[in-house]
Amino acid sequence: MSILDVEGLSKSYRQAGGESTLAIENISFQVNEGEFVSLVGPSGCGKTTLLMCMAGLIAPSAGRVVVKAAEVDGPPRNLVLVFQEYNKSLFAWRTVLGNVLFGLEVKGKPAREAEEKASYLIGLVGLDGFERHYPWELSGGMQQRVAIARALAYEPEVLLMDEPFGSVDAMTRLELEDGLLRLWKELGTTILFVTHDIEEAIYLSDRIYVLGRRPSRVIQAVEVRLGRPRNQLTTRADASFMELRNEIYKQTAPRLSSGW
Amino acid sequence: MSLSNHERGSEVKSSGRFNFSGLALFAALLLLWEFSSRFTPAIQPYFPPASRVIHSLFQPSLARELFGHLLDTLGRFLGGYFLAAAMAVSLGIILGYFRFAYSLLEVVIELLRPMPSVAIIPVAILLLGIGNSMMVAVTVYACAWPILINTIDGVRNIDRTLIDTGRTFGLGRWKILRRIALPAAAPYIVTGLRISLSIALILVTTSEMVVGGSGLGFFILDEERSLHTSNMYAGIVVVALLGYALNRLFIAVETKAMAWHRGLTARGML
């Protein structure tokens, strides 16, 4: 059953000269309840614009986003966005515990219950013992885990993630991917994950929507039929993984074989 | 978020250890005061030796009188400072966040701000008389500017992502102002508060000198006019100590409240 529907979404921006440019054009896709879906596309293709529209942070120029049968016209209660720039999104004046508690405070959870839930989530993202640390005392990967725990504390039914692992090093990235899959399995939250890394999208997802260049549209929907749980070594070495990867590369970068 | 240079530069770091050379220089200056006065009796009526000033400070009758004036000055200071802080922080957050509110007030702010605040003392006397309300009003007016300007600056420097984070968690505008804009702008607000601390004391003592009646400013000027110069210097010493104590108190509170921010800047993460 679909929990998230994007229907004919377009967004244009007015530029300084007065003319408007189209960032995304007539995008439609859907995400079913409990699924892990990725959007991949080249840098600057309007992925962030699309996510901002879905999160109700900016209004689309045309089309609509429907979450759980309700049209989005402001940040929906049952959806939360995790930003790529965790260092700008975390509250520097709050500790790890304070940041995670924020997600519960805004829902009006009683203090006692909130504290328990926050500790549980901090444990789930592997940060036990760091409750009293400030974000700046943690590494980039740990900071993004705090941001994820804070988002999960809000108990969203849909979690939108905007290139969440785009600013961490490669090794940390693999760990974060596996950590995220464990969380997803444990909590059953629907996840829409945006990335420009095609292999990351395949590794994580049930389904991938491939976006083209600006103004972007969905140029391909790919079902990922790899077994779970996935493994950084064996899954990525799987023949069908390679096949998917090549197929998507051919779509997004047709000139890849001929060079530039 | 980025720090403006004045914010970094405004805090002269004390080493935290016992500053022997600094205290030695201070003692040397006291001795210079003492002996330059002692060896030139002609200037003693205007410039009494340090020992005589210290001696008069410890006269029970004068000490009692000074303490009364100190309480009056302190009361006006606290009233003016905290009223200014509450008003300027609230207004600054709104002006920093809502562009149209700032455009509306920008011209008024830019015209009034550069005016020396003491120039409104006569206006305040006309409108409010010569009581406490006049002195507090003048102090509020003068203190409000640095706090207001720094708060506006702080809110404007908040990264868009931080505001969007509040929105995606379902916070409305007013909650974003209180729960995100206020703490995020706190380092700037503290800078404004630190600048206003000394401004408040200047305005309280100046208005006390102008309208008279009570307070350390009044005492200093009154003793000068009665040619009790050692008493006058004693008053100056007390107001100096008051300023010093208030500053130390401010730093102590700031150190505790802004610990998160110091670590952040030390790591160069801003």
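Rule-based calculations on the coordinates, nothing more; no lab input. If you're wondering where the values come from, they're calculated on a predicted model, not measured in any experiment. For neighbour counting, all protein chains shown are included, and Cβ atoms are generated from backbone atoms with ideal geometry for every residue, glycine included.
Using a Förster radius of 41 Å, what is the FRET efficiency between B:MET115 and A:MET171 based on their Cβ-Cβ separation? Nearest 0.05, please. Could you put the intermediate results ahead of the total?
Details: r = 60 Å, r/R0 = 1.45.
E(calc), rounded to 0.05, equals 0.10.
Take the Cα pairs of chain B, get the Kirkwood Rh, then feed it into Stokes-Einstein at 10 °C and 1.306 mPa s and tell me D in µm²/s. Estimated diffusion coefficient is 75 µm²/s.
Sort A:ASP73, A:ASP197 so that the residue with the fewest other Cβ atoms within 10 Å of its own Cβ comes first and the one with the most comes last. Don't jump to the answer; show the numbers that get you there.
Numbers: A:ASP73 10, A:ASP197 16.
Ordered by Cβ neighbours within 10 Å, fewest first: A:ASP73, A:ASP197.
Measuring max minus min along each principal axis, the C-alpha atoms of region B:126-193 give extents of 53, 22, 14 Å (largest first).
Using Cα pairs under 8 angstrom and six or more residues apart, how large is the relative contact order of chain A, in percent? Walk me through the numbers on the way to the answer.
Numbers: 482 pairs, mean separation 63.6, N = 260.
Taking the mean separation of contacting Cα pairs over the length of chain A, I get 24 percent.
Here's how it looks for A:SER216: its modeled amide H is under 5 Å from those of A:ILE24, A:GLU25, which are all 5 or more places away or on a different chain.
Per residue, the convex hull around the alpha carbon atoms of region A:105-260 comes to 151 Å³.
The simple Förster model, with R0 at 60 Å and r as the Cβ-Cβ distance, assigns B:VAL253 and A:LEU22 a FRET efficiency of 0.70. Taking a Cβ cut-off of under 10 Å around A:ASN231, the surrounding Lys, Arg, Asp and Glu residues balance to a net charge of +1, with basic ones at +1 and acidic ones at -1. Summing +1 for each Lys or Arg and -1 for each Asp or Glu among the other residues whose beta-carbon sits under 15 angstrom from that of B:ALA200 gives 0.
Here the protein assembly as shown is described by how far its Cα atoms reach on the three principal axes: 103, 53, 49 Å, from widest to narrowest. Nearest 10 degrees, 0 to 90: what angle lies between the long axis of helix B:182-211 and the longest principal axis of chain B (Cα atoms)? Orientation of helix B:182-211: about 30 degrees from the principal axis. Give the lysines whose C-alpha is closer than 28 Å to that of A:LYS250, dropping any in the same chain fewer than 8 places away, or say none. Qualifying lysines at Cα under 28 Å: A:LYS11, A:LYS47.
Per-residue mean of foreign Cβ neighbours for B:138-144 is 0 (Cβ atoms of other chains, 10 Å radius).
Distance between the pseudo-spin-label points of A:ARG132 and B:PHE20 (7 Å out from Cα toward the beta carbon): 3.7 nm.
Determine one quarter of the surface area of the Cα convex hull of chain A, which equals its mean projected area, and express it in nm² to one decimal.
Numbers: hull surface 61.8 nm².
Seen from a random direction, the Cα hull of chain A projects 15.4 nm² on average.
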